[in-house]
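This report concerns only the one structure given below.
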Amino acid sequence: MTKVQSIALLGGPNSGKTTWLGAVANLIDQERLPQITRTQLSADTRALDRFVEPLLEGKYPPRTPHGHRAPISLHLRATQDDGAETPFMLQVEDFAGEDMERVFSDRLWPEAWRVWSESANGVLLFVRPSELVPLPPIRPPAESALDGLLGPASAPVQIGPPDPTAAFGGDYVPEAPETPRASPRDAQRVPTTLALIELLQLLRAQRGLATGVRAGHGLRVAIVVTAWDAVQDHKTPNEWLAQNAPILEDYLWSNFATEDVMRFGLSSTGVDLRVNGNAERYEEDPRGFVVWADEGKPRREPDIGLPMRWALFGASALKTG
């Protein structure tokens, strides 16, 4: 009997979910995705065609429309490290990024998500660096104009919020670079890390897991940093997340077993298709690449299906990536 596995693609607007799904389906059709093959065609391929067809022309697929849910089932076979073949049905739920923000802002958990969240084996949580909405920076208090005029005091009065260096030591670094001051006319957006944490909280709540409990619960979470070809000055996605999403990293450390979380840097197409000449290059070789940390050292493979295989099979998938 076919073993049914289920993964969900989650992430904010323009985080790269649709491009990855189209690129993976394209490689499967061409039999160029390592260790993953299709065993039968789905009855209705329109959902996948919408993602794949633009890539065949060297263009990015359109974003998932707001409020749209695109359930996709693929009958596949995975080849394990020992050569054993495992048939499975991959059930992918591609939700619009705006729906993720609604979960945070409105505490609205769609019924389709409830059904999925109780049985999912893995989550691919997509983060695009250029779309990361940062948390407001924490600033130390401004010096008072009276400092030095009143002479030394045994217990100086602090003006403004407490100095964070007092709690975290002299190596304190603001969590995010300073952002422009907001005005009433600016569009309001939820900080990306808080929205992602909220999603994980809701997933855990559906499984009856309390905050701060690391007990195994059969859910693997892959944090996928997309457009990795444009990321500079970071060797691994672990380093990038530690610097740019420390609150998310703290949450993962506190609530998931180490073996249930993996971080990937992903470039679904390998290059920016909008740059002159790159579309033709991708059409000739439609492979991207994935980067991860292997014992602290960066490892890179032209296998964009690796995050999916890890979500299905865990660490054993990395031995054959």
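Only the coordinates and a few stated rules stand behind these numbers; no lab work does. Everything quoted here is computed from the prediction, not taken from an experiment. Reconstructed Cβ throughout: ideal geometry from the backbone, glycine too, with neighbour counts over all protein chains shown.
Please turn the phi angles of the range 52-63 into ³J(HN,Hα) values with the Karplus equation 6.51 cos²θ - 1.76 cosθ + 1.60 (θ = phi - 60°), one per residue in order, whole Hz, x for glycine and proline.
7, 4, x, 5, 5, 9, x, 10, 6, x, x, 5
Taking a ≥ b ≥ c as the square roots of the eigenvalues of the Cα gyration tensor of the range 240-285, is the shape rounded (a/c under 1.5), prolate (a/b larger than b/c) or oblate?
prolate
With a Förster radius of 25 Å, plug the Cβ-Cβ distance of L135 and E295 into 1/(1 + (r/R0)^6) and report the FRET value to the nearest 0.05.
After rounding, the FRET efficiency stands at 0.20.
Using the basic label-point model (7 angstrom from Cα toward the beta carbon), what is the S73 to D250 distance in nanometres?
It is 4.3 nm.
What does the extension gain come out to for N14 and S119, with contour length at 0.36 nm per residue minus their alpha carbon separation?
So the chain would gain 35.2 nm between N14 and S119.
If I model a spin label at R50 and D81 as a point 7 Å from the Cα along the Cα→Cβ vector, what separation in nanometres do I get?
Reported label-point gap for R50 and D81 is 3.9 nm.
Which order do the peptides 221-231, 287-297, 265-275, 79-89 come out in when sorted by mean C-beta neighbours inside 10 angstrom, highest first?
By packing density, highest mean first, the sequence is 221-231, 265-275, 287-297, 79-89.
Please give me the summed charge of the neighbours of Q80: other residues whose Cβ is under 10 Å from its Cβ, Lys and Arg +1, Asp and Glu -1.
So the environment of Q80 carries a net charge of -1.
For V225, what is the net charge nearby, where nearby means another residue's Cβ is under 9 Å from its Cβ and Lys, Arg count +1, Asp, Glu -1?
Net of charged neighbours comes to +2.
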